[in-house]
Amino acid sequence: MRLTPSKIVCVGRNYAAHARELGNPMPAQPLLFLKPPSAVVGDGEAIVVPAASSRVEHEGEIGVIVGTRLRHADERTARSAVAALACLNDVTARDLQKADGQWTRGKGFDTFCPIGTPRPIAATFDLAELEVVCRVNGAVRQHGSARDMAFPIPFLLSYISHIMTLEPGDVVATGTPEGVGPLVPGDVVEVEIPGIGVLRNPVAAG
Ligand code: ZN
């Protein structure tokens with residue numbers, strides 16, 4: 001199943017240990033960027049490594065699916081608009097991200113946003129209990145807890161909604177924990193959010 005969000009809003013450096021591993025300071029406010037809807041693929045579809053990059057990396061993340069329109073929302077309203085969660089891989093051409101300074105090319109290639117099947121959650125679901133695990137060829141590379149987010153999910157949605165209206169079906173990628181690393185053709189990468197689902201994608205050459 002392939003989602004068709006009007007936009008995918010992503011958060012950079014939302015886990016301190018990941019900011020450190022890439023030598024970056026933590027932002028004082030959420031660091032936002034966009035991935036294009038054309039980057040979305042579903043579970044089982046291939047991530048295609050583009051010829052332009054020699055360093056494509058996985059970023060396992062907790063994806064939030066917005067259920068109701070949010071504009072200038074407070075955190076409580078934002079929390080109530082979380083319709084579902086999904087495993088998400090913010091695939092990144094790290095060399096191009098660094099070379100460009102801004103992130104549209106490095107984050108925006110076709111197939112660079114695998115999103116798993118959304119799982120609806122109850123209003124009482126504790127978002128802070130979430131964990132995210134990323135495996136490459138069965139080996140765990142990342143394992144993070146939402147408790148370690150610098151900016152929790154309701155804060156992020158509220159913050160974003162003061163900049164751009166979040167529409168039903170929009171996706172928010174909430175940042176990646178430490179342990180990002182390379183993907184090469186032939187790999188199989190999995191993002192799992194225990195209790196929510198598993199997203200598995202093979203990696204192919206472009
Ligand atoms: Zn990311």
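The values are calculated or read from the model by the stated rules, or taken from the named source; none is laboratory data. Nothing here was measured: the structure is a model prediction, and the numbers come from that model. So basically every Cβ, Gly included, is an ideal-geometry build from the backbone, and we count neighbours across all protein chains shown.
Of these, 126, 74, 110, 43, which one is touching a Lys or Arg at 6+ places or on another chain (Cβ under 7 Å) and not small (Gly, Ala, Ser)? Only one candidate qualifies: 43. A count restricted to region 1-19 and to residues that are closer than 17 Å to residue 113 by Cβ and either surrounded by fewer than 20 Cβ atoms within 10 Å (Cβ to Cβ) or away from the ligand (no atom under 14 Å from the Cβ) (or both) stands at 7.
Restricting attention to region 142-175, and to residues there that are under 16 Å from residue 194 (Cβ atoms) and buried (at least 19 other Cβ atoms within 10 Å of the Cβ), which single residue is nearest to the ligand (Cβ to nearest atom)? Filtering region 142-175 for residues that are under 16 Å from residue 194 (Cβ atoms) and buried (at least 19 other Cβ atoms within 10 Å of the Cβ), the one nearest to the ligand (Cβ to nearest atom) comes out as 174.
Among the residues here, residue 100 does not qualify as at pLDDT 95 or above, closer than 25 Å to residue 202 by Cα and either away from the ligand (no atom under 14 Å from the Cβ) or of a type outside the set (Ser, Thr, Tyr) (or both).
Anything in region 94-131 that is polar (S, T, N, Q) and surrounded by 14 or more Cβ atoms within 10 Å (Cβ to Cβ)? List them, or say none.
97, 111, 117
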